[in-house]
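Here is the structure we will look at, set down as structure tokens.
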Ligand code: ATP
Ligand code: MG
Ligand code: MG
Ligand code: MG
């Protein structure tokens with residue numbers, strides 16, 4: 001089943017059951033506590049908190065999500081992407097657990113024709129009711145597992161919370177160990193999370209959020225990963241080989257002048273192919289929604305994705321520009337479904353081109369220094385790169401520390417991150433005291449971005465005081 005049909009099947013199913021189709025919110029959320037949209041429920045938070053009464057009791061969406069926290073998983077698991085589409089159905093004080101479970105089961109087994117015997121269910125350890133409902137629907141006890149914190153959801157603030165239940169698909173022994181989702185997430189892929197908001201957390205003087213009791217108005221929030229479902233329905237190994245990303249993977253293969261290693265093989269080269277293709281999609285969507293490269297905040301998320309993609313492209317031997325053709329293929333493939341991509345095609349091209357030119361210079365100089373440092377560490381039998389080296393790379397060459405860490409890891413070395421952090425803090429203190437001395441290079445790029453942003457409008461992030469978990473991984 002093509003991804004267009006997966007989307008329409010989902011939306012038709014829920015709209016014909018009384019759900020209002022609400023468009024995806026932009027990746028830049030209106031919620032100042034959130035760096036980037038990372039779940040379908042984000043835009044409905046005021047409804048769940050009871051701050052605003054919705055016009056409709058049920059909604060369905062296909063939400064653009066960004067999760068930088070999964071960046072290291074890309075290419076290393078088959079199921080994680082930094083950008084993905086989350087399909088969801090929501091009930092605001094309307095239907096609850098029994099219907100949410102029945103809908104999910106019906107859609108997966110009849111709408112998408114997934115084999116019942118391959119579906120495994122997790123429920124929260126205390127949620128007897130959910131387990132009973134699954135049993136009634138026909139899931140045998142041996143395919144229902146109880147989990148702890150993984151199957152409990154809250155917002156990390158006083159407000160609604162509750163147990164969740166997840167539907168997982170068994171991809172078979174080629175993908176991992178037997179024993180259900182509690183044992184192996186690659187074999188038993190989590191595809192759909194159902195959250196049952198049934199309790200209320202308050203706030204204690206000591207800063208904890210104890211559960212106060214049951215909510216008067218119970219709600220439902222669910223998220224079904226389009227990319228994962230597409231991989232299953234299209235019978236491909238991972239999200240990069242679905243029709244969502246395959247054209248981009250093909251472009252990267254053409255640029256590299258060689259083939260992507262097939263299923264079950266490939267090692268680091270395969271990781272690089274996936275990183276370049278997958279990040280290209282995130283980059284295109286972020287820029288289309290108004291994110292521009294910057295030193296911090298969401299602009300830094302974008303920059304980090306671009307630099308990581310460029311580095312992996314060079315590792316594949318692609319010496320010519322990669323981001324412009326790779327993002328162009330994303331736009332060509334997905335611009336019909338997500339018109340903002342097509343509308344912003346020229347901005348995307350300009351931003352990635354400026355960044356790639358600048359980072360390519362950085363990379364050439366930085367890589368030389370980095371390789372020398374790696375050789376030195378090895379010959380002195382050290383197991384780590386010094387924090388001073390990481391800092392010099394960062395400070396003199398603008399080499400992101402994550403890349404240093406990654407390159408060191410590839411060479412079997414750690415990085416003294418504590419020392420790096422200390423040096424960075426010292427430098428920031430100095431910069432604050434003495435005003436910032438900018439290099440000619442930094443000024444030139446600042447001008448380039450300023451010009452781009454004045455033409456296309458810019459966005460500011462205001463949530464530094466209350467960052468969500470996505471932000472803490474930066
Ligand atoms: P996982 O445990 O596999 O990391 P999750 O529990 O973090 O997933 P949820 O927050 O429950 O994911 O999100 C709902 C659904 O969104 C998941 O069941 C999955 O189908 C999809 N999803 C989550 N993270 C990703 C990702 N990084 N890439 C692609 N799809 C994802
Ligand atoms: Mg996760
Ligand atoms: Mg999970
Ligand atoms: Mg989950």
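The values are calculated or read from the model by the stated rules, or taken from the named source; none is laboratory data. Note that the coordinates shown come from a computational prediction; the quantities given were computed from them, not determined experimentally. Because the Cβ atoms are built from the backbone with ideal geometry, glycine has one as well, and the counts that use them run over all protein chains shown.
Give the residue that is surrounded by the most Cβ atoms within 10 Å (Cβ to Cβ), with candidates limited to residues of region 170-189 that are without any contact (Cβ under 8 Å) to a residue 60 or more places away in the chain and within 14 Å of ligand 1 (Cβ to nearest atom). Only one residue tops the list, namely 187. Remark: pairs (first residue in region 213-241, over 17 Å from residue 67 (Cβ atoms); second residue within 16 Å of ligand 3 (Cβ to nearest atom) and assigned to a loop (DSSP other than H, G, I, E, B); Cβ separation under 6 Å; 6+ apart in sequence or on different chains) = 237/78.
Yes or no, residue by residue, for (1) within 27 Å of residue 339 (Cα to Cα); (2) more than 16 Å from ligand 3 (Cβ to nearest atom):
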position	(1), (2)
53	no, yes
56	yes, yes
70	yes, no
77	no, no
84	yes, no
89	yes, yes
94	no, yes
99	no, yes
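Apart from one condition, residue 318 fits all of (1) touching a residue at least 60 places away in the same chain (Cβ under 8 Å); (2) under 24 Å from the mean Cα position of the chain (by Cα); the exception is (2). For residue 261, indicate whether it is surrounded by fewer than 24 Cβ atoms within 10 Å (Cβ to Cβ) and either in contact (Cβ under 8 Å) with a residue 24 or more places away in the chain or in contact with a strand residue (DSSP E or B) (Cβ under 8 Å, 6 or more places away or on another chain) (or both). No.
Among the residues examined, residue 221 does not qualify as on the phi < 0 side of the Ramachandran plot, touching a helix residue (DSSP H, G or I) at 6+ places or on another chain (Cβ under 9 Å) and near ligand 1 (Cβ under 9 Å from one of its atoms). Considering region 395-407, the residues that are in a helix (DSSP H, G or I), touching a helix residue (DSSP H, G or I) at 6+ places or on another chain (Cβ under 7 Å) and within 20 Å of residue 72 (Cα to Cα) include one that is modelled with the highest pLDDT, namely 404.
If you go through region 170-219 and pick out every residue that is within 16 Å of ligand 2 (Cβ to nearest atom), farther than 20 Å from residue 235 by Cβ and assigned to a loop (DSSP other than H, G, I, E, B), you end up with 2. Here the helices (runs of 4 or more DSSP H) wholly within region 289-383 that include at least 3 residues being buried (at least 22 other Cβ atoms within 10 Å of the Cβ) and either assigned by TED's automatic domain parsing to the domain that holds residue 258 or in contact with a strand residue (DSSP E or B) (Cβ under 9 Å, 6 or more places away or on another chain) (or both) are 297-315, 323-334, 345-379. When residues in region 153-169 are screened for being assigned to a strand (DSSP E or B) and surrounded by fewer than 18 Cβ atoms within 10 Å (Cβ to Cβ), 1 of them pass.
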